[in-house]
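*Asks:* Input: one structure, supplied below.
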Amino acid sequence: MPADTPYVVAHLGVSLDGKTDGFPRDETRFHQLVGTTWHEDVTLAGSDTVLAREPAMAPGPGPRDPGPLLAVVDGRARVTRWQELRDAGHWSEVLALHCRATPPRPVGRYVPELVVGDDRVDLAAALRALGRRPGVAVVRVVSGGRLVGRLLARGLVDEVSLLVHPVMGVGSRDWWGEAPPPARSLQLIESDTFGRGLVWLRYRVA
Ligand SMILES: NC(=O)c1ccc[n+]([C@@H]2O[C@H](COP(=O)([O-])OP(=O)(O)OC[C@H]3O[C@@H](n4cnc5c(N)ncnc54)[C@H](OP(=O)(O)O)[C@@H]3O)[C@@H](O)[C@H]2O)c1
C-alpha cells in the first residue's frame, strides 16, 4: 500500500459464493459492525451504489457533525441527489470525485469537487488527496464490488471485511468486481459468528 494514502477497508455483505446482490443483506448487523469497528473518516462510494439508492432517498435530518465525509467516485457525473446525500444524517459533507473527461455539471450545482485523472477518476490520486485532508486516516469503501475490484487491482485496499450470509447460488455481482482479484496473501485479523448463520471475516491484505 502506498505510504501516503489512508487505511482503506472494503466492507461488504456477501453470499457464501461471494455475490453482493440477490439476497437480503442483514443491514442491522452490517451497520453495527461499521459503527463499532473502523470509525471511518471518509466513506468512499461507487456511483452505482449511490444511484441504486437515489430513488428511495427521502429528506433526512441534515449533515451529521461530526461525521465522515462521503466521497463518490462519479466520473460520468451521474449522481444527482447530492443535497439529499448531504442531509441523510450519516455524513458531515459530500465530495464529488470527477476526472477531466467528466461531462459539464448543471449550472448552480453546489457540490465540492475533486478532479483527478483524465478519462477515469484516478483512484490512487483521489486517496492521496483525501489522505491530505486534516484528520483523514481511515477510508471505508461502499460498493457492490466494481469499485472494490478497481481498488484491489491497483493495490489500494488494506483490509477486506466480508459479512458472509448463509445463502448461495443467488446474485450476479462478485465482491471483487469484474475481473479476478490479483494474487495476494491475506492475514486474518478477526472472525466472528452471529445468529442466523452470519460469519464475519476480516483480512489484512499483504
Ligand atoms: N452487498 C453489499 O455489501 C453492497 C454494498 C454496496 C452496494 N451494493 C449493491 O451493489 C450495486 C452497485 O455496485 P457495483 O459494484 O455495481 O458498482 P459500484 O462499485 O457502486 O460503482 C462502480 C464504481 O466503479 C468506478 N469505476 C469503474 N471502473 C473504474 C476505473 N477504471 N477507474 C476508476 N473508477 C472506476 C465507477 O466510476 P464512474 O462512475 O466514474 O464510472 C463507479 O464509481 C447496487 O445494486 C448496490 O445496491 C451491495
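*Asks:* Considering the options Leu163, Met57, Ala124, tell which one lies farthest towards the positive end of the dipole of the chain, charges being +1 on Lys and Arg and -1 on Asp and Glu at the Cβ, about the Cα centre.
*Replies:* The listed residue farthest towards the positive side: Ala124.
*Asks:* Further question: What list of ³J(HN,Hα) values in whole Hz, one per residue of the range 10-17 in order, does the Karplus curve 6.51 cos²θ - 1.76 cosθ + 1.60 (θ = phi - 60°) give from phi, with Gly and Pro shown as x?
*Replies:* Working through the residues one at a time gives 9, 10, 9, x, 10, 7, 4, 9 Hz.
*Asks:* Could the peptides 78-88, 187-197, 107-117 be put in order, highest first, of the mean number of other beta-carbon atoms found within 10 Å of their residues?
*Replies:* 78-88, 107-117, 187-197
*Asks:* Could you give me D for the chain, from Stokes-Einstein at 20 °C and 1.002 mPa s, where the hydrodynamic radius is the Kirkwood radius over C-alpha pairs? Units µm² s⁻¹, please.
*Replies:* 122 µm²/s
*Asks:* Between Thr43, Ala206, Ala96, whose Cα lies farthest towards the positive end of the dipole of the chain when Lys and Arg beta carbons carry +1 and Asp and Glu beta carbons carry -1, centred on the Cα centre?
*Replies:* Result: Ala96, furthest along the dipole toward the positive end.
*Asks:* If you don't mind, there's one more thing I want to ask. To the nearest 500 deg cm²/dmol, what mean residue ellipticity at 222 nm is calculated for the chain from DSSP H runs of n ≥ 4 alone, each contributing -39,500 (n - 2.57), summed and divided by the residues?
*Replies:* Computed ellipticity for the chain at 222 nm equals -5000 deg cm²/dmol.
*Asks:* Further question on the same structure: What whole-number distance in Å separates the alpha-carbon centres of the range 1-44 and the range 174-206?
*Replies:* 10 Å
*Asks:* Moving on to the next point. Could you give the size of the charge dipole of the chain about its Cα centre, using +1 on the Cβ of each K and R and -1 on the Cβ of each D and E, expressed in debye and rounded to the nearest 20?
*Replies:* Computed about the Cα centre, the dipole is about 240 debye.
*Asks:* What is the Å³ per residue value for the convex hull set by the Cα atoms of the range 39-97?
*Replies:* Output value, Cα hull per residue: 70 Å³.
*Asks:* Multiply the residue gap between Thr28 and Leu16 by 0.36 nm, knock off their C-alpha separation, and tell me the result in nm, one decimal place.
*Replies:* Roughly 2.4 nm would be gained on extension.
*Asks:* Take the Cα atoms of the range 42-135, find their three principal axes, and give me the spread along each one in whole Å, biggest first.
*Replies:* For the range 42-135, the Cα spread along each principal axis is 36, 30, 24 Å.
*Asks:* Tell me, what is the FRET efficiency for Arg184 and Leu114 to the nearest 0.05, using R0 = 35 angstrom and their Cβ-Cβ distance as r?
*Replies:* It comes out at approximately 0.80.
*Asks:* Run the numbers for Arg132 and Ser191: contour at 0.36 nm per residue of separation, minus the present Cα-Cα distance, in nm.
*Replies:* Once the chain is fully extended between Arg132 and Ser191, it gains 18.1 nm.
*Asks:* What's the magnitude of the charge dipole for the range 42-135 around its Cα centre, counting Lys and Arg as +1 and Asp and Glu as -1 at the beta-carbon? Answer in Debye, nearest 20.
*Replies:* Charge dipole, the range 42-135, about its Cα centre: 100 debye, nearest 20.
*Asks:* Which one, Ser143, Leu188, Trp175, projects farthest toward the positive side of the charge dipole computed for the range 99-206 from Cβ point charges (K/R +1, D/E -1)?
*Replies:* Ser143
*Asks:* Multiplying the sequence separation of Ala56 and Asp4 by 0.36 nm and subtracting their Cα-Cα distance, what value in nm do you get?
*Replies:* Stretched fully, the Ala56-Asp4 segment lengthens by 15.0 nm.
*Asks:* Describe numerically, in nm with one decimal, the distance between label points set 7 Å from Cα along Cα→Cβ at Ser172 and at Ala101.
*Replies:* Modelled inter-label distance: 2.4 nm.
*Asks:* Could you check what % of the DSSP bridge pairs in the chain are antiparallel, to the nearest 5?
*Replies:* 35 percent
Throughout, read-outs are computed from the coordinates displayed, never taken from laboratory work. Keep in mind that this is a model prediction, so the values were computed, not measured. All Cβ positions, glycine included, derive from the backbone under ideal geometry; neighbour counts span all protein chains shown.
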